[in-house]
Protein chains: 2
Amino acid sequence: MKLINKDTDCAVRAILYIAGNENNLVSTAVLNSEFNISRQFLRKTLHVLQTKKILKSVKGINGGFRLARPAGKISLIDLVRIFQGEVNLNKCFFKKKICVNVKTCPLRREVENIERYVVSRLKAVTIEQLAKKH
Amino acid sequence: MKLINKDTDCAVRAILYIAGNENNLVSTAVLNSEFNISRQFLRKTLHVLQTKKILKSVKGINGGFRLARPAGKISLIDLVRIFQGEVNLNKCFFKKKICVNVKTCPLRREVENIERYVVSRLKAVTIEQLAKKH
DNA sequence: CTTATATGTTACTAATATAGTAGCATTTGT
DNA sequence: ACAAATGCTACTATATTAGTAACATATAAG
Ligand code: FES
Ligand code: FES
């Protein structure tokens, strides 16, 4: 069971690096030399981040990426939602109607409690904070 | 992102039903008529529960399953571990060495906090408690 | 003792999610 | 014109989860 998949993981680390180089554009080539992630994988991830307006990109030679908004305004929950979808730990309750009677499902309340906690924690952590702890 | 997969879900509901019929053996046929889960799927799930000593089985006509231990001694974490493996929300840290430097991984502490909470919650909830709330 | 009915066991297929790659188009500084 | 960067999309591969099938074995009932 994973909370963070590789897309999200890759995104966090790339964004942290970019946040630490505010004055320069950061290219996938640089990130590739920095982390042990293939260039293609980085490109895929960063491209998504750009379409989701987490990053801004500049094309052409000397191009690269920079943050589209302050590091304090990017939280883990944003990235998890982009790459892994909405946090629905209680997915089983609804998807394909596994449970006949959702209302009587005994697991439901418990799982929803856990879900609320996870989301609140992921919301609370921003890139800015992670950068400080780094 | 799911916390509970269908095996676990099926197990919880079956065990709850079995716990509510302490005096009788419960067969997959009965559970199948009770829940909207195929007989084959139930068999697979219950068989695992039997090998893991959560249930005891009796073969032959009029056979079926009963709890192998008190409902208060079966918690959600047991079932999650059986069907979904150990809770390692921070799996990404180690599996196939995604991170080059685990020690400097900024996500690690946050995810581990969340993981501890989830495990403690899953440990706290027993079948006995779920049965009461039912 | 035969039979119906239950689980034991294993192997298999199908569907879905995640991970990873490839290739061409477009932009831009030199 | 060219090199080097992203834009974009389609594709393959792998792992996980979901679901099915078939045969072996045990047991109570007639
Ligand atoms: S629907 Fe999954 S536990 Fe009820
Ligand atoms: S290894 Fe996954 S966040 Fe560092």
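The values are calculated or read from the model by the stated rules, or taken from the named source; none is laboratory data. Keep in mind the model is a prediction, meaning the values are calculated, not measured. Cβ atoms come from the backbone with ideal geometry, glycine included; neighbour counts cover every protein chain shown. Surface areas here come from the heavy atoms of the whole protein model, side chains and all, with no ligands, DNA or RNA. Shrake-Rupley method; radii C 1.70, N 1.55, O 1.52, S 1.80 Å.
For B:Leu130, work out the one condition from (1) within 16 Å of ligand 1 (Cβ to nearest atom); (2) modelled with pLDDT of 95 or more it doesn't fulfil.
The number of the failed condition is (2).
Taking helices (runs of 4 or more DSSP H) that fall entirely within the range B:2-52, which contain at least 2 residues that are farther than 29 Å from A:Asn88 by Cβ?
Qualifying helices (runs of 4 or more DSSP H): B:28-34, B:39-51.
List the pairs whose first member sits in the range B:45-57 and is free of Cβ contacts under 8 Å to residues at least 12 places away in the same chain, whose second member is assigned to a strand (DSSP E or B) and surrounded by 14 or more Cβ atoms within 10 Å (Cβ to Cβ), and whose Cβ atoms are under 7 Å apart, counting only residues at least 6 apart or on separate chains?
B:Ser57/B:Phe65
Checking the conditions here, which among A:Val87, A:Val119 is open to solvent by less than 60 Å² (accessible area, probe 1.4 Å), at pLDDT 75 or above and outside any loop (DSSP other than H, G, I, E, B)?
On inspection, the qualifying residue turns out to be A:Val119.
Taking the range B:1-36 on its own, how many of its residues are within 14 Å of another protein chain (Cβ to nearest Cβ) and among the β-branched types (Val, Ile, Thr)?
Of the residues in the range B:1-36, 5 are within 14 Å of another protein chain (Cβ to nearest Cβ) and among the β-branched types (Val, Ile, Thr).
Going by the structure shown, is A:Asn101 more than 7 Å from every other protein chain (Cβ to nearest Cβ) and either crowded, with 18+ Cβ neighbours inside 10 Å or modelled with pLDDT under 90 (or both)?
Taking the combined requirement at face value, the residue satisfies it.
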